[in-house]
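One structure is given below, encoded as structure tokens.
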Amino acid sequence: MLYCQQCKKQAATVHVTEIDQGEKRERHLCQNCAEEKGYTAEKVVPFGKSLAGFIVQNVGAKELAELTCPHCELTFVEFRNSGLLGCPGDYDAFERALVPLIERAHEGTSHHVGKIPRRLGTPRPLENDLVRLRGELTKAVNEEKYEQAATLRDQIKTLETES
Amino acid sequence: MIDDLIQKPAEWLRGEGPMSDIVISSRIRLARNVAGFPFLSRATDEQRCELTSILRSNIDGAATGGQWTYLDIEKLDELDRQILVERHLVSRNHAESKGSRGASVSKNERVSVMVNEEDHLRIQVLRSGLQLREIWEEINHIDDKLEDRIDFAFHPRYGYLTACPTNVGTGIRVSVMLHLPGLKLTGEIEKVFRAAKDMRLAVRGFFGEGTEATGDFFQISNQTTLGRTEEEIIDGFSRQVIPRIIEYENIERRKLLEGRVLALDDKIWRSYGVLKHCRTISSDETMLHLSHLRMGVNMGRIKILDLATVNELFLLTQPAHLQKFFGSRLNGEQRSEARADCIRRRLTES
Ligand SMILES: [Zn+2]
Ligand SMILES: [Zn+2]
């Protein structure tokens, strides 16, 4: 019989798989301890914490180790271990390492096309065109219309250089 | 506040709204951070407190649709925090973390704005049934009102900046909770999982025994938050994904009625028997049987009960609600007994 890892007295009847920092961790608990720990209602998988497993190794390890945010002093290595960024500035500070990761988590894109704060004004026409084109590109890729996708990519590039 | 809450049904278990026989509830959450502050993992205790006070006063000013109550989660006792989790007003993470944090909750329990969760703000709107369009209108309006007062961290390329890059862009998480006993009974549920995965949606069991895919309740949510507008993400749910799953579930329910009605009735009535006569019962077993009752009521197989009673039991039998009602701390064994007691009483009354 497998005993509960918490109280070590009762039989473990609840088996939880947690994904923590990209690592699978199994917990075996009895009914009481599981309830105590809150595993029987909504099971929360710490989504953000699973990021570490996502890191794409196309930036040199040494270079990565030296990346530090000038604003909050978080290092990229610390981010990789926790899955959480330290400040808004990290998105620029870690750009080269982050973009592949963001693209991987968001179906290949790293460009926001949704709501924009009103204080930044309404999007300019050019931005709207880009938004639309990027949407069409995603659709074309999903539908495996590669020729159309290539044309769209060219149009987006042209617009981007204009802006 | 908490004592008022527990006197009424939780919004997510109201059992109203479109498609509520299959769609238990819909929820949209937006993640936002205040510009000029570090994210919470790098914030000092002082900065955390500063954020709490800035956000608290601005949330009060942005409240829509009636009065909101601010709860200082740090000061609440553990049982009260647990009550909020069971009512889906705060995340388990928020209840169990440390430091200055809070939640502003609307009186009808549809709106909850969490302060200092993983991000500085997590705005959530929740309604029973399938009501994503309505929820989006409401949450977008709240977000606008907050934005009139607070500058949120925003990047021209990446959109709204979040502590975890998996939420960046729109910061939106759309979740729909479904009751799919038909698909589960006929074993077709795996196909739904696979289809959802192909569409980059996350499916997770709800009320389950902790293991994947046990129980009949499932929550489906988006994983991609960047590269699509909020409306596109929401429409994907309300026009494509959810209607298809509903249709599929109804087909399976019809199959059960046509070919396996005896087995179906047996399941429902056995569950009724267990719940009505048991003397001690775990929360997992309760969920299993309540699921059968819910299916029985919605499929017209059991008429001596109404949906409201079943929904109420889902909430009352959760550990914190149970202890609140019994007015004392109960250990696991005592809870099982109290739970059986509570169910038996409700089923005898109704
Ligand atoms: Zn135990
Ligand atoms: Zn930083």
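The values are calculated or read from the model by the stated rules, or taken from the named source; none is laboratory data. On a predicted model such as this, the values are computed, not experimentally measured, just so you know. Note that each Cβ is placed from the backbone with ideal geometry, even for glycine, and that neighbours are counted across all protein chains shown. The protein model used for the area step is the full one, side chains on, heavy atoms only, and it has no ligands, DNA or RNA in it. Shrake-Rupley method; radii C 1.70, N 1.55, O 1.52, S 1.80 Å.
Within segment B:20-49, work out how many residues are over 19 Å from B:Met114 (Cβ atoms) and of a type in the set (Phe, Trp, Tyr). Here the count works out to 0. Within segment B:254-264, not a single residue is out of contact with any Ser or Thr (no Cβ under 6 Å at 6 or more places or on another chain), closer than 28 Å to B:Ser175 by Cα, within 14 Å of chain A (Cβ to nearest Cβ) and of a type outside the set (Val, Ile, Thr). For segment B:274-296, a tally of residues being among the charged types (D, E, K, R) and in contact with a helix residue (DSSP H, G or I) (Cβ under 6 Å, 6 or more places away or on another chain) returns 3. In the set B:Glu11, B:Glu16, B:Glu46, only one residue is open to solvent by 20 Å² or more (accessible area, probe 1.4 Å), in contact with a strand residue (DSSP E or B) (Cβ under 7 Å, 6 or more places away or on another chain) and assigned by TED's automatic domain parsing to the domain that holds B:Ser97; that residue is B:Glu16. Of all residues in segment B:289-308, those being open to solvent by 20 Å² or more (accessible area, probe 1.4 Å), closer than 17 Å to B:Arg14 by Cα and out of contact with any Asp or Glu (no Cβ under 6 Å at 6 or more places or on another chain) number 4. Take the conditions (1) buried (at least 20 other Cβ atoms within 10 Å of the Cβ); (2) away from every other protein chain (no Cβ under 14 Å); B:Thr286 misses just one of them, which is (2). Just one of the listed residues (A:Glu107, A:Glu73, A:Glu78) is at pLDDT 85 or above, assigned to a loop (DSSP other than H, G, I, E, B) and over 12 Å from the mean Cα position of the chain (by Cα), namely A:Glu73. Within segment B:119-144, the set of residues being in contact with a Gly (Cβ under 8 Å, 6 or more places away or on another chain) and either away from chain A (no Cβ under 13 Å) or surrounded by fewer than 23 Cβ atoms within 10 Å (Cβ to Cβ) (or both) comprises B:Arg127, B:Ser128, B:Gly129, B:Leu130, B:Gln131, B:Glu138. Within segment B:149-174, the residues that satisfy the criterion of being surrounded by 20 or more Cβ atoms within 10 Å (Cβ to Cβ) and part of a strand (DSSP E or B) are B:Phe152, B:Phe154, B:Gly159, B:Tyr160, B:Gly169, B:Ile172, B:Arg173, B:Val174.
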